[in-house]
Structure formats: structure tokens, C-alpha cells
1. Using +1 on the beta carbon of Lys and Arg, -1 on that of Asp and Glu, and nothing else charged, what's the dipole of the range A:1-67 about the Cα centre, debye to 20?
2. So for chain A, taking the charge dipole from beta-carbon charges (+1 Lys/Arg, -1 Asp/Glu), which of A:V94, A:S5, A:A57 sits furthest toward the positive end?
3. Enumerate the lysines that A:K96 could reach by cross-link, defined here as Cα to Cα under 17 Å, with residues fewer than 8 away along the same chain left out.
4. Please state, to two decimals, what the Cα-based radius of gyration of the range B:191-300 comes to when divided by 2.2 N^0.38 Å (N = residues).
5. Sorting check: for B:186-199, B:204-217, B:30-43, which peptide has the highest mean count of neighbouring beta carbons within 10 Å, and how do the rest follow?
6. If you take the charge dipole of the protein assembly as shown about its Cα centre, with +1 on Lys and Arg Cβ and -1 on Asp and Glu Cβ, which of B:T250, B:G162, B:Q187 is farthest toward its positive end?
7. Averaged over peptide B:308-315, how many Cβ atoms belonging to another chain are found within 10 Å of each residue's Cβ?
8. Over chain B, what per residue volume does the convex hull of the Cα atoms give, in whole Å³?
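We did not get these values from a lab; they are worked out from the coordinates using the rules stated. All of these numbers come straight from a predicted model, not from anything done at the bench. Cβ placement follows ideal geometry from the backbone for every residue including glycine, while neighbour counts extend to all protein chains displayed.
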Amino acid sequence: MSLTSADIARIANLARLELQPAESERMLTQINGFFDLVEKMRAVDTTGVEPLAHPVATIQAIALRLREDRVSESNEREANQRNAPAVENGLFLVPKVIE
Amino acid sequence: MTNDTSALHDLSVAQLARHLRERKVSAVETAQHFLSRMRTHAELGAFLDVNEEATLAQARAADVALAAGHAAASPSLLGVPVAHKDIFVTRDFVTTAGSKMLEGYRSPFDATVVAKMAEQGVVTLGKLNCDEFAMGSANENSAFGPVKNPWNPLHTPGGSSGGSAAAVAARLAPAATGTDTGGSIRQPASFCGITGIKPTYGRASRYGMVAFASSLDQAGPMARTAEDCALLLSSMCGPDPDRDSTSLDTPAEDFTRSLNEPLDGLRMGIPKEFFGEGLAPDVRAAVDAALSEYEKLGAKLVPISLPRTELSIPVYYIIAPAEASSNLSRFDGVKFGHRAAHYTDLVDMYKKTRAEGFGDEVKRRIMVGAYVLSHGYYDAYYLQAQKIRRMIADDFQQAFKSCDVIAGPVAPTVAWTLGGHGNDPLADYLADIFTLPASLAGLPGMSLPVGFGAGHLPVGLQLIGNYLQEAKLLNVAHRFQQVTDWHTAKPQGF
């Protein structure tokens, strides 16, 4: 299986990455090189095998836990906004979305 | 050692802790000594951020506690300086994860691992260079430049915890933290001739570790001895149920408890797939010599098989990028991090921000990840990889029926030259072959120095244990270090 430049453009759009033409081309070659390696994996018979998400589930049951829904953090708006690219009156600024 | 601090950097963490406890040296003197060495050897490129004021303030606080006798209980890390991989967020130091995306980022909180160590009086020396978002095997993917291997500055220190390994090998820090997703603690430890351990997945909290691949990322210590790793690992682990949903319930342990147990009758599994033709002869010679040493210590070598070793490469390089593409979607230029200066609309802002902020390898992995998770491809790639992941984990359980620990090389070669893999990401991926299986299985693994190969570059031995068997691994490594001196070898000029 080989990806085409159209695939690269589609994925880049999904991943919200702007790629320059030369970059797309390089990416296409490299990703296709990588998928040659992946072919071996696709050929493995995995009928009846359960996918493994948490590795320790190999030996014991692992339940993904939820924490209690209670306030645990104090308001640190200033500290949290210190790294924001654009802030005004305590709000994060983004380009206009709705005209 | 009276008031002479010249050899402070040659002390192990255990020795340094004892000197501090006995007030032979103060935490401030110790911190100053290492800060001065960091300045002298800045050319290594190991550190990304230093904040001497913050370090000395922590050291002063440690001295107050030491004067009050708070370190009476042994073991104590009170006043011991450690540097953190720049993947752990820190309040007092900039956190970049080696990415332009996070240049200048100031976290409002400390990672759990950092906070736990600070509670025990560990002093932070600074933040260590690493591959961007921990993606890489040579530290060449850092947006802030590569790190040099102290054994030979033309060679890579390994990655992604390259700054951690180089700093410890060059004695710029007695120990460092690292993270290991596919080998990022073990491989740089091997390349720089130090000792490092990745615990069982879920042992150390991932809270505040900039996420790469959440089902694989684990924190661990890097130091010069197994004893030091045991001390530090004890301070880093423990449940963090409210902040890390995959953190194990297993209580914190004293990993030093069985360091001195004899190895008589230890069954050491030797996977034949780790000793094939891909293994360089110089690495093989050093590893074989180490295995003979283990036989002298009473271990029995047991041939085993990990039949899906080679498959671990595609499986890992599907799963890790898939999780990375999801984790890295948070970098959109809105609430923190880089934002492009020029754009037409919101979507264009996302695309340009991410194009400018991410480096080549990170973009490649985001692309691969987005592709294998996209509609129509999920089952064929991601799900298939997760199924083989279980088969790989089961292979280990099969192997552990006939052995107590597994031993083999960490990497097929010694450290390659900086730029040596050119523009070929696949060359880096293939070199991860021996560390990926334990990562996929979530097993604890470590590297300890066992000799030198071509160009007098260090060779590490990898030890893999069953789940939660870190104390056993450290015991096996410690006994080796009691009868050999590879771990005391020091690169010239440091």
C-alpha cells in the first residue's frame, strides 16, 4: 500500500498542519518508507486477541478510575493566562469565528 | 572530605546524602559546586534552563531542615541536587519539552514527580535538554540544539533523555530524572555509561509530564549506580489516583531493600532474538563478558525466546504516534505556547502555528498518528497494533516462567555520530529494537554500564523484570556493580 500526495494533503488538513510543497514531498517518501515496515505487522494473524491498552492489564484487571467530582484547584486565572499568546480582560483572544 | 569540595561531583547520591546528613558539606555548597560545573561545561548543551536563585533558595531551605536534624532518618535525599528532564513541568524553571512550541513556557504547577522529590528535600539544578516532546533516539530533535556525548563530543548521547544522560556522565549533576516511552531512559544511559531504570508502567505519576504517548510514558531516575537509582526511584513512585487515571494503586516502596541479596541460582533469561546479526560485535563482546560475570555471581543463563521482537518496531511506531497525534492536538496557539504572527482565520492560525512550532520528526509522527486513527484505517493499524501489543506482553509472561530476569543489549551499537543517521528517521526507529518490547509490555527495564565498544564508547546491559519487580532488577544490577567498576569510569575532561 502506498500513500499519494492527496493522502498527505488530506491528513495534514486533519492534523491542522500547513506543509510546504517540498515538505509534503519529503513526508510522502518518508511515510511510505515507514509503511513498508508496517506491512509485516498487518500480516500477523490476531484473530481472537484482545487489544491491550493499559499494559499492566496483562496480569491484572485494570479499571480506569474517575476521580470524585469536586473542586480541587483554586482559581489561578492569572498564572494560567501568563502563557497565553493573546489575552484581554481575563479572556483568551482568538480570531473572529462567526461573522 | 573536610572543606574541600573539589571531589563532590564524584560522590554517588548515597554518599552525598550521607555527607549532607553528617553536615560535612552544606546543601548550598553542594548546589554551588554543581552550578559552577554546569557553567564550565555549558558546551555540552545538556541544560535548557538554569535558575541559580531558585536552586540556591531550595538549597538554603534544605540546610535549615538539615540543621534541624530532619535528615536523621536514613535514607534521606535532603539537600541532594538533581536535574529534571525538560519534559516535567516546573514552577521555578521554564519548561519547553525541547520544542519551539513551548519556548519560554512557565508552568503554574510542578509535575507530581518533581513535587514528590521536592517534598523530600531534593534541590533542582535546572532543566535538561531532550528530543522534542521526547520523540527521538539521539537528542537531535531538540529545537534548542543537540547534546554532546561526554565520552566523545562528536557522538550523540542518545535520546530522548540525552541531556539527562550527558549531565550525569559529565558529573554536572549527581542524578537526573528521565522519561522512557520506547527506551528514552535505557538507551541514553547505555550510550553515556550511566545507570537508569524505567519502572513498571503506572508506578510513577504522569501528571505534569508533557504527554507523548500516554499508554507508554514512564518516568524514572538516571544516576551512576543502581543504589542511587533505587534511592531516587523510591522518592518518585506511588499512586496519584486523582491526577493520573492510569497510575497503579501499588503503594510506594523502598527499592533499596534487597540491593544486597545474593544472586545464587538467579535464572537469567537470554532472548535469542537480542543476539542476532543486527547486534554489533563490540556490543556483543561487552554484553557476553557481563553475562559471564553474572555466572560467576551465581546466576544461571537460560535461553529464552521473544519471538515478536522485530514486530515491536512497527507496533510501537503505530501506537506511539497515534497517541502523540491526539496528545499534541492541544497545541493550537490559543491558551499557551507559540502562535503564528500572520494568519487569515482560525483554522489558518492553527495550521501556521503548528507548522512553525513543531519540528520535522514531531510533524511526521503527528501525520502517521492522524492517518492510522482516521476513518477506515483504525482497525487495520491502531487496533491491530494493540492486539500484537498483547501478544508481545504475553510472550514475556511465557518467558518469565523459566527465568527471573531477562538480560541482553540495550541497543545494537554504541552511540553513533551526531548527524550519523542523516535524514533517515527509519534508521533511528530500527535502532530502538531492543528497548521497544519491554516498553510495549509496560515492564520495568534498566541499563547499567558493562564496558566499552568501538571508539571507547560505553556499552550498557539491559535488564528486564516482570511487573513490579524493580527491587529485583536493582538488586541484580547492584551486585554486578559491587564486583566491577565500569560504573565508576569517567569521561576525560570531567
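1. With Lys and Arg at +1 and Asp and Glu at -1, about 380 debye.
2. A:A57
3. The reachable lysines, counting only those whose Cα sits under 17 Å from A:K96, are B:K335, B:K351, B:K352.
4. This ratio for the range B:191-300 stands at 1.30.
5. Highest mean packing first, the order is B:186-199, B:204-217, B:30-43.
6. B:T250
7. 4
8. Values: hull volume 67.4 nm³, N = 494.
Expressed per residue, the convex hull around the Cα atoms of chain B is 136 Å³.
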